[in-house]
Each structure stands twice: as structure tokens, then as C-alpha cells.
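Following: one structure in C-alpha cells, then a few remarks.
The values are calculated or read from the model by the stated rules, or taken from the named source; none is laboratory data. Not measured: the values here are computed from a predicted model. Heads up, the Cβs are rebuilt from the backbone with ideal geometry, glycines too, and the neighbour counts pull from every protein chain shown.
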Amino acid sequence: MTTVIKSKSPGVKPRHWLSFVDHEPNELAALVKSAREIKAGRDQHAADAIFGRILGMVFFNPSLRTRTSFEAAMMRFGGHAITLNVGGDTWNLEYRDGVVMNGAAAEHIREAAPVLSRYCNIIGVRTFAGMKSAAEDAQDALLRAFARFATVPVVSLESATEHPCQALADWMTIDERFGSAAGRRFTLTWAPQAKATPMAVPHSAVLCAAAAGMNLTIAHPPGYELNADVLARAKQWCDRAGTEFMVTHDQAAACASAEVLYVKSWGSPQFYGDADGQRDSFARHANWMVTQRNLATSESVLMHCLPVRRNVVIADDALDDSRCIVVDQAENRMWAQAAILANLLGPPSGRS
Ligand code: CP
């Protein structure tokens, strides 16, 4: 095997895949189409683009699906993946400018990102929200720092604000199930948890539904409002598509009309830094746990990004129902990401 590693042109900014809001719905739809073609074995482009290429993944947080599906996508098409776990098998990394690095971080992203760019054709980064300040989380500073200092494309493996790979796989999964997601009724419902979790996945679910041209309802208890900019973008896309956009505190009504019921827990910013307060709030809203009764019709589907806590977030009877398509979602991560990788890596790497 001969692999040509092309040198980077100085001054040319790489294209990144960091969020849905950086793209237009038609660009995202094209990627979904490409993912379905790759899955069906009708698209040689992914194999040509990925063959001989190297993906470096930097995880600041744990993963089962993201890590495995990216590694599988690279291996399946003749590429290779390197996984680094920050603070585990690699150094703790600093991202803030001008800090005195006398704490846990031994290396700065200013060096780490360009160094990894010399070894790898593309870099993935997973970095969850800090959940200390909603305003700080909205900046997505760590992911954006990687994108700033890398000289190859950076892919979000879930960041403080969004999980765009999950959203693309979810869109693909809904298309597969219904022929097309467009015009379907999508409900995102909040659910309780054992501990506070970030808003990246609910943000991405909302953006996915709006970009795909679905009628969107978001249900959560008071105090669990999602990021206003994300909601504004989703509403803009719904308005443009002529679909409904609604936020409600009435879970039963929101589920009653859902063809796609997407379940996700998230913490309330008013309890950031207050674990006891958050736990009490989850307990007060324990009846928001989704059960089989929340599935509206025989055609409705139940979605969740996984991992999911059984009988806290979703009851056994719903997760074990044939209308639950969480495993399909997880599989489609691999195909959707193959489409993203192929799109970013571009033309063949020089296979011989
Ligand atoms: N859905 C998802 O990203 O799963 P992991 O956290 O296991 O990667």
C-alpha cells in the first residue's frame, strides 16, 4: 500500500465539522443522502476518500458509540484511527490563552493540535459542557481552540453545545424509517436522570428536526429551557420550511401527536453547581420518565442517543418495545460519520 500524505498549504484554513448551525439544511441533507448511499454500498467515494487516511481522536470524556463507530468507519474503508484519552493515556490539555500552566495540564492545545495535525489527516475531539456556566458552555471554547490551532479538519465528537454526528445519524434513521423525515411530527421530551447531563444532544435533536423539515415540539418542565440561540435557529429553519415549532411544559400532549418521540435528559442551568438541588428537581419530575404509554401510535418510533438509564429515563416496557429504534440510531453513527469523513477528506489519498 502506498499512501500519499499531502503537505498542508500554509494559510489555507481547513474545513471543520463542528456544529449544525455552521451549515445550511440542504448541505446537511446531502450528507444524509450520502450516508444512505454508503450504507447501501452504492457510494465508492467513502472508500476512496478514507483509504490510507488517519483519524486521531482526542477524548476528554468517556464514550462507547462515538469511539467505536469512528474507529469502525475508518477501518471498514481502509483507514486507521488513533484514540487518545486525555488525562488517561495522554497528557491533560490546557486551552485557555495566557494561563500559568502550573496545574494538572502539562500541554497546551496550541502545541497539541498542530502536532496531531502532522500525524493525522483529520482530528476528532470530544469535550462535554463544564456545566458551571451556561454562558461559558455556549462559547464551546475547547473545541473551537482545537479548530483554531489544527491544520487539518476537526470533527466534533460531541462538544459543549452540540453533538452533530449524532444528529446526522438520527436524521438518517428517521429517513430510513419513514422514507423521508420531512413533514413528520417530532417531539423532543425531557426526562429525569440520576445526575445532571449536558444539553448538546437535545440541542442537536432540535436542530436535526428543524433542518430535516419536521414539525417540532419540545417538552420540558419549567426551568429546563434550552439555549436561546439554538431555539432561534431551529425556529428560523421551521419557519422557512413552513413547519410547526412549539415549546411546552405539557409532556402528555406533546407525546400524544408524536410520530418520532426523542427522549433526552438534561440538567437545568439554575442547578449548575448545586447537585442536591438538581437531584431534588429530578425526583420532583420523576413522572416525566417515558413509558410505553407515551408512544402515540403503532407507527410511532422511540429514539434516544444512548447511553440510557433504564427505569429512570425510559422504562423497560418502552425500551423493549419493537418501536424503539435506539440500536438503529447507534449503527447509523458509523455510516453518517463515514459520509462526514469522506466529505472532509475529499479526493482519494493516492491508493495503489
Ligand atoms: N451517543 C453517544 O455519543 O454515545 P457515546 O457517549 O457512548 O459515544
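Just a few scattered comments:
- Close pairs (6 angstrom Cβ cut-off, 6 or more residues apart or separate chains): not assigned by TED's automatic domain parsing to the domain that holds Pro307 in segment 59-73, among the small types (Gly, Ala, Ser) and near the ligand (Cβ under 9 Å from one of its atoms) anywhere: Arg65/Ala330
- Under the condition of being farther than 19 Å from Gln166 by Cα, at pLDDT 95 or above and either charged (D, E, K, R) or within 8 Å of the ligand (Cβ to nearest atom) (or both), the residues counted in segment 46-70 number 1.
- Whichever residue in segment 71-83 is farther than 15 Å from Trp335 by Cβ and within 15 Å of the ligand (Cβ to nearest atom) and, among such residues, is surrounded by the fewest Cβ atoms within 10 Å (Cβ to Cβ): Thr83
- Here Gly88 meets the list (1) within 16 Å of the ligand (Cβ to nearest atom); (2) over 30 Å from Asp328 (Cα atoms); (3) under 22 Å from the mean Cα position of the chain (by Cα) almost entirely, failing just condition (3).
- Selection of segment 250-259 for residues being free of Cβ contacts under 8 Å to residues at least 60 places away in the same chain and touching a strand residue (DSSP E or B) at 6+ places or on another chain (Cβ under 7 Å) yields only Asp250.
- Test: residue in segment 140-161 that is under 30 Å from His249 (Cα atoms), free of Cβ contacts under 8 Å to residues at least 24 places away in the same chain and surrounded by fewer than 24 Cβ atoms within 10 Å (Cβ to Cβ): no
- Check on Arg67, under 17 Å from the mean Cα position of the chain (by Cα) and not small (Gly, Ala, Ser): yes
- Among the conditions (1) in contact (Cβ under 8 Å) with a residue 24 or more places away in the chain; (2) assigned by TED's automatic domain parsing to the domain that holds Ile50; (3) not hydroxyl-bearing (Ser, Thr, Tyr), the only one that Ala181 does not satisfy is (2).
- Of the residues screened, Ala167 is one that is under 26 Å from Gln278 (Cβ atoms), small (Gly, Ala, Ser) and crowded, with 18+ Cβ neighbours inside 10 Å.
- Among residues of segment 94-133, those that are without any contact (Cβ under 8 Å) to a residue 40 or more places away in the chain, crowded, with 18+ Cβ neighbours inside 10 Å and touching a His at 6+ places or on another chain (Cβ under 9 Å), counted: 1
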